[in-house]
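To keep things clear, I will list the structure first and then write my remarks on it.
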Amino acid sequence: MNWGSWDNFFAMGGYAFYVWGSYAVTAALIIAEVALLRVRKRTIDSSLRRIAGAHEQRRHG
Amino acid sequence: MKTTADVRSGAAERRRYNLFWFSSPQTFFPLAGRLAPWFAAAAAVLAAAGLYVSFLLAPTDAQQGESYRIIFIHVPAAWMSMFLYVVMAFWSAVGLVFNTRLSGMMANAVAPTGALFTFIALWTGALWGKPTWGAWWVWDARLTSELILLFLYFGYMALHAAIEDPRRADKAAGILAMVGVVNVPIIYFSVKWWNTLHQGASVSLTKAPTMAATMLAGMLLMALSFWMYSIAAALWRARAIVLERERNSDWVADYVRTTR
């Protein structure tokens, strides 16, 4: 497939809104899911660390 | 006190005859952590190859022009939305039959990603429907049953979140997931059973493909990429769920100590 130019590629034969609207939302949602998964893991990790820290303090303090 | 390493040393012999070895959250947790990045990397490589084929090798469609390029995410997303629902119902059933803790966690880990792909299938379908049918949405059998699938995912997640005890939540939401699985064949065969606006299956195991080889290749590469991504996302989410649910156990205390 030869698009000729970047302008032609981005224009998608007049269907730019529909084609790029589909791909952009898909990409954004997948990136958002990965980001949310990292936040979820970090939240539980840090809360576990806080609890472990509190236990240790009680034992030594 | 028994450490994770002590427990693991006994693993080799036990694994040989115990099928349920990996159904222990403690064994699953490090395994999922090791596997997930590989699945994510495979997803990225397959997506790059899939997008290259879809946009640079696949020819313009004779009837639909360039608008058809939505197919490369629309069809794989729709496949994943149905497949992940079956996976979710499968883990729910395993959890109800064998009463294994990890099964409910797996069903839980799959649900949001399944809902995500259902939404993507509906969204890209609307953006494809407008230029080809002249409507963003029609109440046709295929579209309506796919919308019901999205509500089933939401229903599963809402019901699970509403019940405080996670094991009880697994059972209640699991039954909902299993009942809802009847919707999957309805979606799949809707284009055959009813007279719908939506076109029939693009790919079939019994017939020769009706599309250009490069179009088919692009679609299959994207489908494989979504598949690998779903596995990575489910494994990552399952790891967080395992820690959330097992936070009071000794092995999680060991894990926290070693990662600090």
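Read the figures in this text as sums done on the coordinates, not as results from a lab. Since the model is a prediction, treat every value here as computed from it, not as a measurement. Using ideal geometry, Cβ is built from the backbone for each residue, glycine included, and neighbour counts are taken over all protein chains shown.
When the convex hull of the C-alpha atoms of the protein assembly as shown is computed, what volume per residue in Å³ does it have?
168
Considering only C-alpha atoms, what is the centroid distance from the range B:84-139 to the range B:238-255, in Å?
27
Roughly how large, in nm² to one decimal, is the mean projection of the convex hull of the alpha-carbon atoms in the range B:165-234?
Value for the range B:165-234: 7.3 nm².
For the range B:135-142, what does the Karplus curve 6.51 cos²θ - 1.76 cosθ + 1.60, with θ = phi - 60°, yield as ³J(HN,Hα) per residue in whole Hz, taken in order and with x for Gly and Pro?
9, 5, 8, 9, 7, 9, 4, 5
With no solvent and one equal point scatterer per Cα, compute the Debye intensity ratio I(q)/I(0) for chain B at 0.11, 0.15, 0.16 Å⁻¹ and report its log10, rounded to two decimals.
-0.70, -1.11, -1.21
Rounded to the nearest 10 degrees, what's the angle between the helix A:16-60 long axis and the longest principal axis of chain A, both from Cα atoms, 0 to 90?
Relative to chain A, helix A:16-60 is tipped by roughly 10 degrees.
Any idea how far apart residue A:56 and residue A:8 come out in nm if each label point goes 7 Å out from Cα toward Cβ?
For the pair residue A:56/residue A:8, the computed spacing is 6.4 nm.
Return, for the Cα atoms of the range A:6-60, the radius of gyration and Dmax in Å, separated by a comma.
When restricted to the Cα atoms of the range A:6-60, Rg and Dmax are 22.5, 71 Å.
Taking θ as phi - 60°, what are the ³J(HN,Hα) couplings along the range B:117-131 by the Karplus curve (6.51, -1.76, 1.60), each to the nearest whole Hz, with x for Gly and Pro?
Karplus-based 3J(HN,Hα) across the range B:117-131 equals 6, 5, 4, 4, 4, 5, 5, 5, x, 5, 6, 8, x, 4, x Hz.
Would you kindly calculate the mean projected area, averaged across all directions, of the convex hull enclosing the Cα atoms of the range B:136-260, in square nanometres?
If you wrap the Cα atoms of the range B:136-260 in a convex hull and average its projections, you get 12.1 nm².
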